[in-house]
Amino acid sequence: MRTGMRQNANEAAGETLLRVRDLRTHFFTGSGVVKAVDGVSFDLARGGALGIVGESGSGKSVASNSIMRLLPKNGRIVDGSILFEGRDLVEVREKDMLKIRGQEISMIFQDPMTSLDPVFKIGDQVIEVLRAHRRLSNAEAWSEAVKALTMVGIPEPEKRMNSYPHEFSGGMRQRVFIAMAIACRPKLIIADEPTTALDVTVQAQVLDLLVDLQREMGTSVILVTHNLGVVWSLCGAVMVMYAGKTVEYATAKDLYRNPLHPYTWGLLNSMPRLGAGKEKGKEKPLAIIPGTPPDLRLTARNCNFHNRCAYRGDVCKEEVPPLIELEPGHFAACHFQTSGGRLTRKEA
Amino acid sequence: MSKIILKRMVQLIPVLFIVVSIVFAITRLMPGNPAMIILGPQAPREAVEKMTLEMGLDKSIPEQFGKYLLGVLRGDFGKSYRYNRPVLTILLEKLPNTIYLAGASILIALLVGIPVGIVSACRQYSIFDYASMLAALVGVSMPPFWLGLMLVLVFSVRLGWLPSIGMGSFGNGIGDVLSHLVMPAFCLSTGSMANFARVTRASMLDVIHQDYIKAVRAKGIGERTVIFKHALKNALPPVVTVIGMRFSFLMGGAILVESIFSWPGMGRLIVEAIGNKDYAVIQGSVLLMAFIYVLINLIVDIAYTYLNPKITYETERGAR
Amino acid sequence: MTWKMSKISKMSKMSGALTPGGEREGDLSGAAQQAMILRERAANSVWRKLCRNKSAFAGFVIVAVVVFTAILGPSLVGKDPNKMNFVNMYAKPGERGMILGGDEFGRDLFARVVYGARISILVSVGGMAIGAVVGVLLGLISGFEGGMLDSFLMRVMDGMFAFPFILLALLLLTTLGEGIQNVILAIGIANVPGYARIVRGQVLFVKNEEYIKSVAALGASSVRLIFAHILPNVFSQVIVYATLNVAGAILTEASLSFLGMGITPPTASWGGILKSGQDCLQTAPHLALYSGLAILLTVLGFNLLGDGIRDVLDPKMKT
């Protein structure tokens with residue numbers, strides 16, 4: 001059992017490293033404006049770990065790419081703020097952004113088979129990020145790179161410096177990529193579904209590696225995933241996204257014990273759990289959330305979840321629910337979950 | 001690496017054999033008795049018969065082919081009846097001129113085409129992109145001999161700035177050589193230039209949207225390095241392939257361009273030889289062009305392997 | 001993916017995984033959503049896409065005009081392209097009622113350019129057709145049968161590829177002798193390797209697809225397999241190649257005629273007019289100018305059309 005990188009979340013001291021408020025990233029296409037991220041807010045404490053969960057297409061990746069300001073040409077951050085150590089990354093000039101990427105914030109991608117440049121030796125790729133941010137001699141850069149490869153558990157790192165990416169397995173490539181990400185000791189690592197493309201057995205190893213590194217270096221981590229199980233064990237706080245919006249944000253503990261948003265309920269019900277549903281000897285089938293997410297060109301007039309929600313009322317079609325703090329540090333965006341009244345969760 | 005080169009060279013043998021066969025077959029099928037052509041229509045019968053024997057034309061076709069093949073292997077391409085000199089000597093005299101022209105053209109094409117392709121890809125859908133791609137399409141569609149004539153019309157006939165005939169000589173200074181070179185070389189380069197620009201753009205666009213390019217950006221690497229180091233190196237293999245293919249077009253284009261500018265190279269030699277029915281020269285020059293093409297594609301193959309570490313790895317593993 | 005125009009589909013590809021919601025069809029805001037989806041479906045047919053693709057449309061218009069000129073033009077011009085009148089020798093464009101002027105024999109240049117279109121289209125389309133039919137057949141057989149036959153055919157094709165295209169056509173033409181049908185034949189034969197290679201490559205690719213394997217497992221005959229299942233799959237690539245090939249064939253025909261080896265006088269051909277234009281570049285540049293422009297425009301038209309068809313049929317295909 002993994003002992004997670006607990007975050008003392010918002011309740012305890014932990015100075016805030018990253019504060020995202022009402023972030024909106026839209027894509028301007030010929031057939032309309034795709035509101036891929038349309039109201040995302042969360043905090044991340046220094047040294048803490050945050051999980052962003054949601055089904056595919058909910059805008060998790062776009063949100064994390066927005067923090068790095070790595071958006072395609074037709075994508076733009078149209079509103080909101082990303083305060084990183086007090087600086088608003090939305091306002092930072094591209095030139096200064098270059099110094100932040102790779103040094104202050106680095107990123108790990110989903111598919112290690114496509115995220116390493118195939119025509120350069122991995123040693124050169126690790127050295128590249130080191131030399132981009134630090135003044136190092138050739139020998140120093142080399143030894144730093146070897147150090148990084150050692151940290152991520154590449155056997156015979158000196159020798160493997162001269163290997164090309166295609167000479168590594170998927171799991172090893174992801175380790176190489178992580179080495180690149182940690183080489184400059186960043187304050188924040190954004191891991192965008194870092195294990196989705198890997199074999200199940202390798203997944204656990206790579207996650208363990210991330211946990212170890214986070215502890216060793218005191219780095220903050222944002223883990224983007226659609227696997228809630230991983231989040232419970234690794235993250236101190238969780239943000240649930242649906243159709244571009246933050247629908248719920250809380251500490252992992254609170255979310256586990258007392259989820260508040262109907263979408264989170266659906267998400268939890270659709271999660272396979274050992275031992276669950278076996279009461280009275282009956283196998284209970286996994287619940288699904290009926291329907292499909294809305295077209296992101298047509299959102300922003302109502303609650304995005306209303307068409308799939310078992311608890312919907314008329315107001316859900318009329319108004320966008322605001323994200324409100326229902327309990328200390330526990331936020332949700334639902335018309336029927338307010339300080340005035342609460343929903344009762346039906347049995348799935 | 002040397003294993004790969006050797007393997008590729010062995011693969012070339014059957015192709016070269018087929019090339020020699022095609023050339024031999026085509027020239028044998030050409031109408032007219034070669035002996036008669038050499039001696040002229042008024043030649044006495046006995047002389048023609050004697051010539052036929054001398055040239056071995058009375059032998060069976062396989063015998064003739066065998067003899068020809070052996071000759072080619074020894075570097076003996078026969079003798080030009082027109083110039084009364086060995087074909088090889090004539091070819092070696094003309095070849096450098098064509099290589100010089102083709103080399104200059106490909107240099108111009110690369111220096112213009114690849115940068116235009118890169119900029120177009122980086123600024124996709126910009127005015128520059130649209131304009132250069134339209135220009136490239138016109139370049140691909142332009143008959144090189146027409147462009148040649150128009151250039152001559154403007155720069156030689158109207159403005160009188162550039163000479164329209166010959167190669168010039170170093171004796172008259174470098175300026176003379178360059179002024180003779182500029183029009184034919186530009187004319188011959190347009191198609192390739194346009195081709196390189198289009199392929200570079202397409203290949204760059206393909207690469208720019210790959211994950212690893214985004215990953216390089218995520219490392220905080222500046223745009224210039226992202227494009228010129230990472231994207232370009234990944235985008236080059238298709239471009240290199242096209243460069244090899246273009247040599248074939250260049251040789252073909254040389255036939256036309258050399259005719260227009262009276263450039264004393266292989267192209268003009270072939271056209272003249274066809275007009276004179278000088279079979280030995282036709283065979284020899286066509287063979288040489290085909291050999292050069294095969295050779296250049298061998299070089300391209302090797303360059304390709306060098307650019308793509310994965311291929312080296314796989315072929316080496318396969319060879320083990 | 002259901003986007004409106006090819007340009008947009010490129011943009012959406014650009015954003016790739018980053019526009020997750022873009023492809024989803026929800027059942028949310030009923031009417032608006034439905035209307036949008038219907039619009040996109042309608043826009044999806046190949047024909048509609050071709051019309052929306054600006055380059056394809058421009059190419060189509062040019063090609064249509066040239067083909068129309070080739071078929072009907074000569075009867076509309078009402079002038080004999082071969083009628084000599086030495087009074088009109090080298091007449092400037094617009095003089096003596098001749099739109100494009102007169103040539104070295106005082107023949108009407110406009111009439112000759114229009115008749116040249118007929119020759120040009122006939123030769124290039126004919127050459128394309130011969131190359132396509134023979135090349136596709138060879139490619140299918142080669143790719144499907146494999147083994148010795150495949151190796152032999154492909155080495156021959158490689159050998160033919162080693163010659164510059166114009167040189168191969170020139171040699172074949174010298175062997176075959178002059179005359180329009182021989183020009184068509186020469187260009188046609190020279191075209192064969194291109195088709196054979198493309199089709200063979202596609203066949204090898206398609207052959208290993210699961211659905212072909214399953215049809216074969218069901219006991220379909222080779223002939224049926226080739227014509228009913230494999231050929232349709234290589235068709236779109238062949239169409240694109242054929243369109244671009246016509247452009248190339250027009251240039252080849254013009255080159256051959258320009259070298260004095262293709263269409264022989266007095267038959268009007270663009271390359272032939274250019275050739276005579278070369279001799280009188282100083283006195284009558286309009287000969288070379290207009291015949292060359294005719295070639296350029298026609299070739300451009302086929303290239304635009306071919307590029308457009310490629311974009312529409314398969315955006316991933318490369319030059």
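The values are calculated or read from the model by the stated rules, or taken from the named source; none is laboratory data. If you're wondering where the values come from, they're calculated on a predicted model, not measured in any experiment. Cβ coordinates were reconstructed from backbone atoms using ideal geometry, including for glycine residues, and neighbour counts include every protein chain displayed.
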**Message:** So, in region B:150-206, how many residues would count as being at pLDDT 90 or above and polar (S, T, N, Q)?
**Reply:** 6
**Checking A:GLU104 against (1) acidic (Asp, Glu); (2) free of Cβ contacts under 8 Å to residues at least 60 places away in the same chain; (3) more than 7 Å from chain B (Cβ to nearest Cβ), the condition it does not meet** = (2)
**Request:** Quick one: which residue in C:GLY306, C:GLY271, C:GLY260 is in contact (Cβ under 8 Å) with a residue 60 or more places away in the chain and either closer than 26 Å to C:PRO164 by Cα or buried (at least 20 other Cβ atoms within 10 Å of the Cβ) (or both)?
**Result:** C:GLY306
**Request:** Looking at (1) β-branched (Val, Ile, Thr); (2) touching a Phe, Trp or Tyr at 6+ places or on another chain (Cβ under 6 Å); (3) more than 9 Å from chain C (Cβ to nearest Cβ), find the lone condition where B:ILE260 falls short.
**Result:** (3)
**Asked** Which of the residues spanning region B:75-100 are part of a helix (DSSP H, G or I) and in contact with a strand residue (DSSP E or B) (Cβ under 7 Å, 6 or more places away or on another chain)?
**Response** B:VAL87, B:ILE90
**Prompt:** Would you pick out the residues in region C:137-165 that are assigned to a helix (DSSP H, G or I), of a type outside the set (Phe, Trp, Tyr) and away from chain B (no Cβ under 11 Å)?
**Reply:** C:LEU137, C:LEU138, C:GLY139, C:LEU140, C:ILE141, C:SER142, C:GLY143, C:GLU145, C:GLY147, C:MET148, C:LEU149, C:ASP150
**Message:** Just to be sure I understand the filter: pairs with C-beta atoms under 7 Å, separated by 6 or more residues or on different chains, first member in region A:22-39 and closer than 23 Å to A:PRO322 by Cβ, second member crowded, with 24+ Cβ neighbours inside 10 Å and of a type in the set (Asp, Glu). Which pairs pass?
**Reply:** A:ARG24/A:ASP38
**First in region B:168-197 and over 25 Å from B:GLY252 (Cβ atoms), second anywhere and among the aliphatic types (A, V, I, L, M) and outside any helix (DSSP H, G or I), Cβ under 8 Å, 6 or more apart** = B:SER179/B:LEU162
**Pick from region B:215-247, criterion of a type in the set (D, E, K, R) and within 13 Å of chain A (Cβ to nearest Cβ), ranking: surrounded by the most Cβ atoms within 10 Å (Cβ to Cβ)** = B:LYS219
**Asked** Restricting the search to region B:28-76, which residues are among the charged types (D, E, K, R) and within 29 Å of the chain's Cα centre (by Cα)?
**Response** B:ARG28, B:LYS67, B:ARG74, B:ASP76
**Complete:** Note: among B:LEU73, B:LEU95, B:LEU53, B:LEU88, just one is of a type in the set (A, V, I, L, M) and touching a Phe, Trp or Tyr at 6+ places or on another chain (Cβ under 9 Å), namely B:LEU88
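One line per residue, one yes/no per condition, for (1) more than 17 Å from the chain's Cα centre (by Cα); (2) buried (at least 24 other Cβ atoms within 10 Å of the Cβ); (3) under 30 Å from C:ALA268 (Cα atoms):
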site	(1), (2), (3)
C:GLY126	no, no, yes
C:ALA129	no, no, yes
C:GLY139	yes, yes, no
C:LEU149	yes, no, no
C:ARG155	yes, no, no
C:LEU168	yes, yes, yes
**Item:** Flag if A:MET107 is over 21 Å from A:MET217 (Cβ atoms) and either assigned to a helix (DSSP H, G or I) or touching an Asp or Glu at 6+ places or on another chain (Cβ under 8 Å) (or both)
**Value:** no
**Prompt:** Given A:ASP96, A:ASP22, A:ASP88, which one is surrounded by fewer than 16 Cβ atoms within 10 Å (Cβ to Cβ) and in contact with an Asp or Glu (Cβ under 8 Å, 6 or more places away or on another chain)?
**Reply:** A:ASP22
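Residues C:LEU289, C:LEU305: which one is within 10 Å of chain B (Cβ to nearest Cβ) and part of a helix (DSSP H, G or I)? Write out each step before concluding.
Details: C:LEU305 fails: within 10 Å of chain B (Cβ to nearest Cβ).
Every option except C:LEU289 fails the conditions.
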**Message:** What's the number of the only condition in (1) at pLDDT below 90; (2) more than 10 Å from chain C (Cβ to nearest Cβ); (3) in contact with a strand residue (DSSP E or B) (Cβ under 6 Å, 6 or more places away or on another chain) that A:GLY80 fails to meet?
**Reply:** (1)
**Request:** Please work out which residue is surrounded by the fewest Cβ atoms within 10 Å (Cβ to Cβ), limiting yourself to region A:59-73 and to residues that are more than 7 Å from chain C (Cβ to nearest Cβ) and in contact with a strand residue (DSSP E or B) (Cβ under 6 Å, 6 or more places away or on another chain).
**Result:** A:SER64
**Asked** Could you say whether any residue in region B:202-214 is more than 10 Å from every other protein chain (Cβ to nearest Cβ) and buried (at least 22 other Cβ atoms within 10 Å of the Cβ)?
**Response** yes
**Asked** Do you know which residues across region A:114-143 are under 14 Å from A:GLN103 (Cα atoms), surrounded by fewer than 21 Cβ atoms within 10 Å (Cβ to Cβ) and more than 7 Å from chain B (Cβ to nearest Cβ)?
**Response** A:ARG131, A:ARG134, A:ARG135
**Asked** Residues in region C:254-286 that are farther than 27 Å from C:GLN181 by Cα and within 9 Å of chain B (Cβ to nearest Cβ): how many?
**Response** 3
**Prompt:** For region B:29-52, does any single residue satisfy the condition of being without any contact (Cβ under 8 Å) to a residue 12 or more places away in the chain, within 13 Å of chain C (Cβ to nearest Cβ) and assigned to a helix (DSSP H, G or I)?
**Reply:** yes
**Request:** Check off (1) facing another protein chain (nearest Cβ under 9 Å); (2) buried (at least 19 other Cβ atoms within 10 Å of the Cβ); (3) among the polar types (S, T, N, Q) for B:GLN283 and give me the number that stays unchecked.
**Result:** (1)
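Would you mind finding the one in C:LEU168, C:LEU185 that is in a helix (DSSP H, G or I), within 16 Å of C:THR252 (Cα to Cα), free of Cβ contacts under 8 Å to residues at least 60 places away in the same chain and facing chain B (nearest Cβ under 9 Å)?
Numbers: C:LEU185 fails: facing chain B (nearest Cβ under 9 Å).
C:LEU168 is the lone residue from the list that is in a helix (DSSP H, G or I), within 16 Å of C:THR252 (Cα to Cα), free of Cβ contacts under 8 Å to residues at least 60 places away in the same chain and facing chain B (nearest Cβ under 9 Å).
Could you say which residue among B:VAL23, B:VAL19, B:VAL10 is under 25 Å from B:ALA290 (Cα atoms), of a type outside the set (Gly, Ala, Ser), exposed (fewer than 13 other Cβ atoms within 10 Å of the Cβ) and under 23 Å from the mean Cα position of the chain (by Cα)?
B:VAL10
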**Asked** Any chance region A:301-315 includes a residue that's surrounded by fewer than 20 Cβ atoms within 10 Å (Cβ to Cβ), more than 12 Å from chain C (Cβ to nearest Cβ) and not in a loop (DSSP other than H, G, I, E, B)?
**Response** yes
**Prompt:** Can you tell me how many residues in region C:188-202 are within 11 Å of chain B (Cβ to nearest Cβ) and surrounded by fewer than 24 Cβ atoms within 10 Å (Cβ to Cβ)?
**Reply:** 1
**Request:** From (1) part of a helix (DSSP H, G or I); (2) under 23 Å from B:ILE274 (Cβ atoms); (3) of a type in the set (Gly, Ala, Ser), pick out the condition that doesn't hold for B:GLY103.
**Result:** (2)
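Considering only region A:29-43, state which residues are part of a strand (DSSP E or B) and at the interface with another protein chain (Cβ under 9 Å from one of its Cβ atoms). Before you say what the answer is, go through the steps one by one.
Residues of region A:29-43 part of a strand (DSSP E or B): A:29, A:32-43.
Result: A:THR29, A:GLY32, A:VAL34, A:LYS35, A:ALA36.
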